[in-house]
Structure formats: C-alpha cells, structure tokens
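Engineer: Take this structure first; my questions come after.
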2 protein chains.
Amino acid sequence: MAVVRDREATKAKLLEAALAEFAKHGIAGARVDRIAAKAGCNKAMIYAYFGSKEDLFDEVLRIQIARVVEAVPITPDDLPGYAGRLFDVYQQQPELLSLAGYHRLENGFEAISKAEGDAHTEKVAAVAEAQRSGVLPQDFDAEELLALVVHMSILAFSTPVATRELVVRAVARLLS
Amino acid sequence: MAVVRDREATKAKLLEAALAEFAKHGIAGARVDRIAAKAGCNKAMIYAYFGSKEDLFDEVLRIQIARVVEAVPITPDDLPGYAGRLFDVYQQQPELLSLAGYHRLENGFEAISKAEGDAHTEKVAAVAEAQRSGVLPQDFDAEELLALVVHMSILAFSTPVATRELVVRAVARLLS
DNA sequence: GCGTGTCAACCAACTAGTTGGTTAGACTGT
DNA sequence: ACAGTCTAACCAACTAGTTGGTTGACACGC
C-alpha cells in the first residue's frame, strides 16, 4: 500500500482517533500512543499538527460542539422537540456526551469554549423572546428554563432507562 | 511530635485524602503519591489497607454513596423536597457528584455498587406504591419518575445557574 | 522479643514530548 | 518527457520524567 502524504487527511484521522480515545478514557486516561496507533500514523504528527495532548482534546471538543450547535438549532416554540433532537444526537454520538462530561469534570464550568458560549447567549435570548411573546411560560427565568431543557436532554447520562419519549414528555410537562 | 499509630485513623485520613484527589482528577488522573502526601502518611499504606488504587476508589465511592443513601431517605409524598435535599447534599459535598460522574464515565452503568442497586430497587418500589395510592401521578413509570427526580437533583452538574429553588420547582412541575 | 504500623528507597513499566533524518510528490527549467 | 531540486509530511528511536506498586529496615507498644 502506497504511503499517502496528505496533511488534512492525516489530521482528520488523528481527530477521529482522538475523539474515540478521549471519549473512552478522558483527558488524563487517554494515551497519545494509542491515538497515533489508531490513526495509523506517528505520534510526532500529533505534536506537529495540534501542539499537545490537551490542545488536541480542545480541538476535538470544539469540533463536536460546533457540530451539535449546527445540527440542532433551538426552536423556542418547541422546546420538547429541541430536547428530543439533542437527545437523538447524544444517542447517535455518545462520544460527545462523554467528552463534554470529562471536560466539565476536569476543567469545571470556567473553561467553556467561546463557540459554545456565544451559541448559549443566543439561545437564552431566543427563549426570552419567546417568553415575551407568550409562547413560553414566564415563571422560569430564560436562562434557567434553557438550562432545565438542556439538562433533560442529557438524561441518558444519569440513567440507563432514558428514552427519547421520556425526555420529550418531561420537558413538555415542565412547560405546562 | 509523636507519631500516632492508629490503623483506623490512618485509613480514615487516606480515605479523606483519596476522596478529594479522586473527585478532582478522576481515577486515571489521581496520583497515589498525592493521596499519601495529603493523608500525611506513606503510600505503602494504601496498598496495605486497600489493595490498589482502584480498590481505594471503589471504597471511597461506596462510602460516599452509603452516606447519601442514609442521609437522604426518599419521601415519595414529597419528591420535590427529596430532590431538594439531594441537591443540598451535592452542594455541601461536591466531591460526591464528581466521584459519581467519573465512575459513570470510566465504567459505564454496569459497575454500580450493590449498595446503590439495593437502595434504588427500594426507592422504585416506594414510588410505585405512592402512585398506586394516588399521591403521585401515574402517567410516568415508577422507574422513569424516580430517574427524572434524581436527574433533576444533579442539575448543578450541567449548569452553573442551578439553585435549590429551581430544582424543587422543576420537580414540582413534573408532578403536576 | 514479638507483632504491628510506618516509611525511605527502590524498580520496572510507562508517559508525553523531541529530534535527526528519510522520502513522497510537487515544481522547475530544459 | 525527464532529470534535478526543494518542500513538507512522516517516523523510528530517543529523552527525561512520572507512574503504580514493592520491600526491607526501622519504630513503637506490649
């Protein structure tokens, strides 16, 4: 098999391997040797392309968050559906939930990526607007309401009995 | 200063130091040397008393879970209050939330301690009984309802805007 | 002296990160 | 088309430091 020298392809392979490794073992538990082996290239490539193990993690997380933010736009007039779609994404890509979980545990709330922060601000504004126009109940603060909905969407993180229907029904009940 | 030779006291110090270390860094990120140093004793003690790093983690988690299970008995006729009390415990001892989070991420749902499992079964039964007697709505399965309540109690895991009042109100809304 | 608790010193295995040198493939002038 | 040149992707082998875990000697109370 001919050796392919393709910067972007190699970076993509490393990112894919890193996603699996970090999701399974967290930052501290991940091994750069395993990532390189799985990507089928040398460990030095990680340092050439990403700088360090932590930088690689940050990049992987950034990409995954961006993917979700893009794939699941908020629908303030249908928050149960929004939670359901988030739930779907987490079911299809459980790595994201693990990744975010490890990131939260190892870095706390402070180290939230800018992309996520901006998207969050926009979503709070959208919820607040929907509250003003009467589509959503006003007895929860916009930020709190969004937090509740998002938290419900990660129900699968805390229990194996989580189902999409349960999440949707629970959010609907919160809004009643 | 005289050296104190007290098996139980040393074990307790190690457990306390291990709790802090594991909560902060997880299993993979925790360092036995740091645990021993913080406990003010040699790391050989960890292996004499607990066998291995993982065994020590298991013991720490077991103790913390038992503490919560005992400190916060379920009150099926007041699930908002139950969630609130769980929230309080997690606020007072954030280590438990981290510990459980790491355990869940690194071992999945399979490796749940027997103590937790038994307590859970009892709680589901208590919720089901309350549903039969009409104290709780019956449109959620007992297991699902308990999962929702417990999940709400760990709201602080997913958002910094979590407050006790928010958790209590959200659970109350779920039951309406 | 004896059993128990303690620890400094130790080790083999492993870790993230580096380096010197190699080579595929694109570009060049002819 | 084609030999010569250069750039950048690539990696085996290495370094320096860290890791979980062990052990033999010592300290203490009886």
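Engineer: What aspartates and glutamates sit close enough to B:Lys123 to cross-link, taking a C-alpha to C-alpha distance under 15 Å and skipping anything fewer than 8 places away on the same chain?
Structural biologist: The qualifying aspartates and glutamates are B:Glu70, B:Asp77, B:Asp78, B:Asp141, B:Glu143, B:Glu144.
Engineer: Helix-derived [θ] at 222 nm for the protein assembly as shown: sum -39500 (n - 2.57) over DSSP H runs of at least 4, divide by residue count, nearest 500? List each step's numbers first, then the result.
Structural biologist: Numbers: 20 runs with 265 residues, N = 352.
Result for the protein assembly as shown: -24000 deg cm²/dmol, rounded to the nearest 500.
Engineer: Sort shortest first the distances from A:Tyr47 to its counterpart in every other copy, using label points 7 Å along the Cα-to-beta-carbon line, and give them in nm.
Structural biologist: For A:Tyr47, the inter-copy label distances come out at 3.1 nm.
Engineer: What do you get when you divide the Cα radius of gyration of chain A by 2.2 N^0.38 Å, with N the number of residues?
Structural biologist: Dividing the Cα radius of gyration by 2.2 N^0.38 Å gives 1.19.
Engineer: With respect to the cross-link table entries B:Lys24/B:Lys53; A:Lys24/B:Lys38; A:Lys24/B:Lys43; A:Lys24/B:Lys53, which display a Cα-Cα separation exceeding 24 Å?
Structural biologist: A:Lys24/B:Lys38; A:Lys24/B:Lys43
Engineer: Shifting gears a bit: Output, in nm with one decimal and in ascending order, the distances from the B:Ser176 label point to the matching label points of the other copies (7 Å from Cα along Cα-to-Cβ).
Structural biologist: Result for B:Ser176, in nm, nearest copy first: 1.0.
Engineer: Give the accessible surface of segment A:1-95 per residue, rounded to a whole number of Å², with probe radius 1.4 Å and ligands, DNA and RNA excluded. Walk me through the intermediate numbers first.
Structural biologist: Details: 5220 Å² over 95 residues.
Computed with neighbouring chains in place, this is 55 Å² per residue.
Engineer: Return the carbon/sulfur percentage of the accessible area of segment B:74-117, one whole number, probe 1.4 Å, all protein chains in place.
Structural biologist: 50 percent
Engineer: Can you give the angle from 0 to 90° between the axis of helix B:114-132 and the longest principal axis of chain B, with both taken from C-alpha atoms, to the nearest 10?
Structural biologist: Result, in degrees: 10.
Engineer: Let me ask something else. On a 0 to 90 degree scale, rounded to 10, what angle separates helix A:79-92 from the longest Cα axis of chain A?
Structural biologist: In chain A, helix A:79-92 runs at an angle near 20 degrees to the longest axis.
Engineer: Moving to a separate point now. Along Cα→Cβ at 7 Å, what distances in nm separate the B:Gly134 label point from those on the other copies, shortest first?
Structural biologist: 3.6
Engineer: Note the buried accessible area between A and B here, summed over both chains, with a 1.4 Å probe, in Å² to the nearest 100. Kindly include the intermediate steps, with their values, before the conclusion.
Structural biologist: Values: alone 10330 and 10350 Å², together 17330 Å².
By this definition, chains A and B bury close to 3400 Å².
Engineer: Can you give the FRET efficiency for B:Ala125 and A:Lys43, using 1/(1 + (r/R0)^6), R0 = 56 Å, r = Cβ-Cβ distance, to the nearest 0.05?
Structural biologist: E between B:Ala125 and A:Lys43, to the nearest 0.05, is 0.60.
Engineer: Do any residues of segment A:89-110 lose at least 30 Å² of accessible area when the full set of protein chains is present rather than just their chain alone, and if so which, with a 1.4 Å probe?
Structural biologist: A:Tyr102, A:Arg104, A:Leu105, A:Phe109
The values are calculated or read from the model by the stated rules, or taken from the named source; none is laboratory data. Everything numeric here is computed off the predicted structure, so don't read it as measured data. Heads up, the Cβs are rebuilt from the backbone with ideal geometry, glycines too, and the neighbour counts pull from every protein chain shown. All accessible areas refer to the heavy atoms of the entire protein, side chains included, with ligands and DNA or RNA removed. Shrake-Rupley method; radii C 1.70, N 1.55, O 1.52, S 1.80 Å.
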